[in-house]
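The values are calculated or read from the model by the stated rules, or taken from the named source; none is laboratory data. All figures in this text were calculated on a predicted structure; none of them were measured in a lab. Positions of Cβ are generated from backbone atoms using ideal geometry, with glycine treated the same way; all protein chains shown enter the neighbour counts. All accessible areas refer to the heavy atoms of the entire protein, side chains included, with ligands and DNA or RNA removed. Shrake-Rupley method; radii C 1.70, N 1.55, O 1.52, S 1.80 Å.
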Protein chains: 2
Amino acid sequence: MSYFRANIERMTGYKPGEQPPAGAKVIKLNTNENPYPPSPEAVRALREVLPESLRRYPDPFAGQACRAIGRVFGFPQEWIIAGNGSDEILSMVFRACAEPGRPVVYPFPTYVLYRTLAEIQDAPVVEVPFDDDYNLPLEKLIAARGAITLVASPNSPSGNTFPAAFLDELASQTQGIVVIDEAYADFARENALDLVRKRENVLVLRTLSKGYSLAGLRFGFGIARPGIIEALMKVKDSYNIDAAVIAVAAAAIEDQAHKNGNAEKVIRSRAVLAEDLSRLGFRVWPSQSNFILVRPPAGDAERLYLGLKSEGILVRWFDQESLRDKLRISVGTDEQNNILVRNLSRLLKA
Amino acid sequence: MSYFRANIERMTGYKPGEQPPAGAKVIKLNTNENPYPPSPEAVRALREVLPESLRRYPDPFAGQACRAIGRVFGFPQEWIIAGNGSDEILSMVFRACAEPGRPVVYPFPTYVLYRTLAEIQDAPVVEVPFDDDYNLPLEKLIAARGAITLVASPNSPSGNTFPAAFLDELASQTQGIVVIDEAYADFARENALDLVRKRENVLVLRTLSKGYSLAGLRFGFGIARPGIIEALMKVKDSYNIDAAVIAVAAAAIEDQAHKNGNAEKVIRSRAVLAEDLSRLGFRVWPSQSNFILVRPPAGDAERLYLGLKSEGILVRWFDQESLRDKLRISVGTDEQNNILVRNLSRLLKA
């Protein structure tokens, strides 16, 4: 007998993007962190954490943070669940809903973790390919009859959102849970929060890792009907969020002005970067996120990725069907983006 | 079709001990927190976390903390995995090893979470009853042929450890993984770390929640052969530990003197409390932990639990077979213990 389940033996595990050691001299445009610092209120909340709240177990329901979410987004607390990053909420959804015979469905390419989580549950996976413009393959998603259907909106690596009417149609025609993963919604014109009110099978996920500049802190949240939240609570680790994170997350969420200000800067820089890369001959997909997907003129994305890396500039290249000729580039500060563009311009001529 | 797997629909979920709101005037002896504050070095590490390390994703392998563990306990880093509390490592073990047809085995009563995690995986559970003195039912544990066999040592709620020779025998006669859950080992005379070196199927779990006074921070670790650690990494959330916790955990683990000093105080108070309760006629089981299991003279544990609660003193009463006549009491400061004893003395006469 192996120590491990057969599906675990088979799988390889999710490989996160490169994380250079702290202090390394790199321009890091590979894992979609926000280039601007988190809210000073959030940093202050961290400074003010008392030793006494480290000594005792934290609130298992992260009440202080969930109340802040409720106030800002207009939902009662029993519609909200907090996770150690939205990754943990995804993991809860899979543990609650996916198993052999209960399919996991999503358009592809998207966040690679969805496949990993399905493999852990030994659940069948239906990956419905996007077309070249990343339109939502609505009919095929519905036809696949997922126990979990996931749509990242904005999607990664394509950066686009999907029309609310399409997501509504998907939810109304799907019997299982529909997860709208809005990790990047803080940079988008539209989101699906209204769908949570309208459709009882919709779960919307948010994170503090991108818009709120708190990737290092691990806090995400889900919003859905109480029946869904209660089931996720059953599979949640009891004390999944630590006391410091609860306090910092609450402060960050209350400070919407700071988050929105940073998002506006990123959106302006995104437009400039897209324009600059178009001028170099890249195909640039329209983005509602804090990154852009681009195709270099000759499709030699791996070469450019490695060339940039040797200059200390990290972007994301996926060794994956339909993506090998593209790069996903996080929007940095204007200064970082300019260095990137200069280096790409040089590499194109090399 | 239900949204959820049938086993999730059936289960009720783990209910953690009561956590009164911060600032509530209670004497909290119900969830085995350490009564003394964490290391000043750990608190300093929290104060020194930089906004930049909040902005960026943390190290997915919590390297700084795992290197500290390696130095202190004498293991290479590839033998170590960090979790968001040792609860999260338990969850990883179950996700990697448990499913229908792969039994989960443990002596009972013990940490109730083991059953919950088995239910989440829909794995069969074999609970082997302890005798009245909580001796390890070695033969029956072996005979149950667990894919996962768990032994909490010290066990909760009984407080006792098990002889290393018995655990060695268990590991050598068991084909699956043997988890020695040492959450309370910092208060015990013996531990099973040597077994990890000797037996390839042993995983030892530790936590900062008890000995290190950091229940609010969520950090636990597992030590096992690299083959086991690698499989657990496959099912681990990518960024499971936040940047602040990594820094604080490393500082706390380096400060063994602080932790050991607190443990000595707890051990001295444990002896006094056990003596005081014996004098009141309680049966007191010998404890190697920071709590004691006691049986009131008349077995009316629920009445005493409620009587204490109405005075703002929380202890743990389990509404469970073989435990309904007992209380589990965390060892507090001498002052807290004295208030407890005075109240119990009064309640016994009521």
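Compute, for the stretch A:186-334, the length of the dipole vector about the Cα centre, with Cβ point charges of +1 (Lys, Arg) and -1 (Asp, Glu) only. Units Debye, rounded to 20. The partial results should precede the final answer.
Details: 23 positive and 19 negative charges, 58 e Å.
The dipole of the stretch A:186-334 has a size of about 280 debye.
Which distances in nm, rounded to one decimal and ordered from shortest, link the label point of A:PRO129 to the equivalent label points in the other identical copies, with labels set 7 Å from Cα toward Cβ?
For A:PRO129, the other copies' label points sit at 6.2 nm, shortest first.
Just to be sure I follow the definition: excluding the sites themselves, where is the longest run in chain A that has none of the trypsin sites (Lys or Arg not before Pro) in a DSSP loop with at most 14 other Cβ atoms within 10 Å?
On the way: sites that count: A:LYS25, A:ARG189, A:ARG324.
Of all site-free stretches, the longest is A:26-188.
For a quick check: with amide H placed at 1.01 Å from N, whose amide H comes under 5 Å from A:LEU136's, ignoring anything fewer than 5 positions away on the same chain?
Here the answer is none, since no amide H 5 or more places off falls under 5 Å of that of A:LEU136.
Can you list the HN-Hα couplings for the stretch B:211-224, worked out from phi with the Karplus curve (6.51, -1.76, 1.60; θ = phi - 60°), rounded to whole Hz and with x for Gly and Pro?
x, 9, 6, 10, 4, x, 9, 6, 8, x, 9, x, 10, 6
Across the residues of B:119-126, average count of Cβ atoms on other protein chains within 10 Å? Before the final figure, lay out the partial values.
Details: counts 2, 5, 4, 1, 1, 0, 0, 0.
Taking all residues of B:119-126 together, the mean is 2.
Where does the charge balance sit around B:GLY222 when Lys and Arg score +1, Asp and Glu -1, over other residues with C-beta under 13 Å from its C-beta? Don't skip to the answer; put the middle values down first.
Values: positive: B:ARG206, B:ARG225, B:LYS236; negative: B:GLU78, B:ASP87, B:GLU88, B:ASP181, B:GLU182, B:GLU230.
Summing Lys/Arg as +1 and Asp/Glu as -1 gives -3.
Run through all the Cα pairs of the protein assembly as shown and give the fraction in each 20 Å bin from 0, expressed as whole percent.
Bins of 20 Å from zero give 18, 50, 27, 5, 0 percent of pairs.
Please report, for A:PRO297, the nm distances (one decimal) from its label point, 7 Å out from Cα along the beta-carbon direction, to the equivalent points in the remaining copies, shortest first.
Spelled out, the distances from A:PRO297's label point are 9.5 nm.
To the nearest 20 Debye, how big is the dipole of the stretch B:40-255 about its Cα centre, given +1 on the beta carbon of each Lys and Arg and -1 on that of each Asp and Glu? Mind dumping the intermediate values first?
On the way: 21 positive and 28 negative charges, 106 e Å.
Computed charge dipole of the stretch B:40-255: roughly 520 debye.
Which whole-number value in Å³ per residue fits the convex hull of the alpha carbons of chain B?
On the way: hull volume 51.9 nm³, N = 350.
Here the figure is 148 Å³ per residue.
Per-residue ellipticity at 222 nm for the protein assembly as shown, helices alone: DSSP H runs ≥ 4 residues times -39500 (n - 2.57), over residue total, nearest 500 deg cm²/dmol? Each step should come with its number before you reach the end.
Details: 28 runs with 288 residues, N = 700.
Calculated mean residue ellipticity at 222 nm is -12000 deg cm²/dmol.
With θ set to phi - 60°, apply the Karplus curve 6.51 cos²θ - 1.76 cosθ + 1.60 along the stretch B:232-239 and write out the HN-Hα couplings as whole Hz, x wherever there is a Gly or Pro.
Per residue, the Karplus-derived 3J(HN,Hα) values read 5, 4, 4, 9, 6, 4, 3, 10 Hz.
Taking every residue in A:11-20, how many Cβ atoms of other protein chains lie within 10 Å of its Cβ, on average?
Numbers: counts 3, 1, 8, 7, 2, 5, 3, 0, 8, 1.
What the average comes to for A:11-20 is 4.
Select from B:LEU141, B:LEU29, B:LEU46 the residue whose mean-square fluctuation is largest in a Gaussian network model of chain B (Cα-Cα springs shorter than 10 Å).
B:LEU46
Give, as a single signed number, the net charge of other residues whose beta carbon lies under 10 Å from the beta carbon of A:SER153, with Lys and Arg counted +1 and Asp and Glu -1. Please report the intermediate quantities before stating the final value.
Working: positive: none; negative: A:ASP181, A:GLU182, A:GLU190.
With Lys, Arg at +1 and Asp, Glu at -1, the neighbours total -3.
If the only charges are +1 at each Lys and Arg Cβ and -1 at each Asp and Glu Cβ, what is the size of the charge dipole of the protein assembly as shown around the Cα centre, to the nearest 20 debye?
Details: 84 positive and 84 negative charges, 139 e Å.
Its charge dipole is roughly 660 debye.
Would you tell me the mean number of C-beta atoms belonging to other protein chains that fall within 10 Å of each C-beta in A:168-181, as a whole number?
Details: counts 0, 0, 0, 0, 0, 0, 0, 3, 4, 2, 0, 0, 0, 0.
Neighbouring Cβ atoms belonging to other protein chains average 1 per residue here.
Near A:LYS309, which lysines are there with a Cα under 19 Å away, not counting those fewer than 8 places off in the same chain?
A:LYS15, A:LYS25, A:LYS28, A:LYS326, A:LYS349
With an 8 Å Cα cut-off and a minimum separation of 6 or more residues, compute the relative contact order for the stretch A:254-318 in percent. Intermediate values should be presented prior to the final figure.
Numbers: 40 pairs, mean separation 12.2, N = 65.
With pairs under 8 Å counted, the relative contact order is 19 percent.
Which distance in Å, rounded to a whole number, links the C-alpha centroids of the stretch A:255-303 and the stretch A:112-161?
23 Å
If you build a Gaussian network model of chain A, linking Cα atoms that sit under 10 Å apart, which residue out of A:VAL93, A:VAL235, A:VAL331 swings the most?
Maximum fluctuation in the GNM of chain A, among the listed residues, is at A:VAL235.
Tell me: how much accessible area in total is hidden between A and B, 1.4 Å probe, Å², nearest 100? Provide the component values of the computation, followed by the final result.
Numbers: alone 16080 and 16100 Å², together 25430 Å².
Using a 1.4 Å probe, the pair buries roughly 6700 Å².
With a 10 Å cut-off between alpha carbons and a GNM built on chain A, which of A:GLY74, A:GLY17, A:GLY307 moves the most?
Per the Cα network of chain A with a 10 Å cutoff, A:GLY74 tops the list.
Run the accessible area of the stretch B:133-283 with a 1.4 Å probe and give the carbon-and-sulfur part as a rounded percent. Show your work: numbers first, answer last.
Details: 2270 of 4770 Å².
Carbon and sulfur: 48 percent of the exposed surface of the stretch B:133-283.
Compare the Cα positions of A:PHE166, A:PHE94, A:VAL196 along the charge dipole of the stretch A:68-208 (+1 at Cβ of Lys, Arg; -1 at Cβ of Asp, Glu; about the Cα centre) and return the one farthest towards the positive end.
Of the options given, the answer is A:VAL196.
Using the Karplus curve 6.51 cos²θ - 1.76 cosθ + 1.60 with θ = phi - 60°, work out ³J(HN,Hα) for each residue of the stretch A:106-123 in order, rounded to whole Hz, and write x for Gly and Pro.
7, x, 9, x, 8, 4, 5, 4, 4, 5, 4, 5, 5, 4, 4, 8, 6, 9
Counting only Cα atoms, I'd like the Rg/Rh figure for the stretch A:196-350, Kirkwood definition for Rh. Please list the in-between numbers first.
Values: Rg = 19.4 Å, Rh = 18.2 Å.
Answer for the stretch A:196-350: 1.07.
Suppose we flag GluC sites (Glu not before Pro) only when DSSP calls them loop and at most 16 other Cβ atoms lie within 10 Å. Which is the longest uninterrupted stretch of chain B?
Values: sites that count: B:GLU18, B:GLU48, B:GLU190, B:GLU200, B:GLU311, B:GLU321.
My reading of the result: B:49-189 is the longest stretch.
Keeping to pairs on different chains or 8 or more places apart, tell me how many lysine pairs in the stretch A:40-255 have Cα atoms under 27 Å apart.
Taking the Cα cut-off of 27 Å, the pair count is 5.
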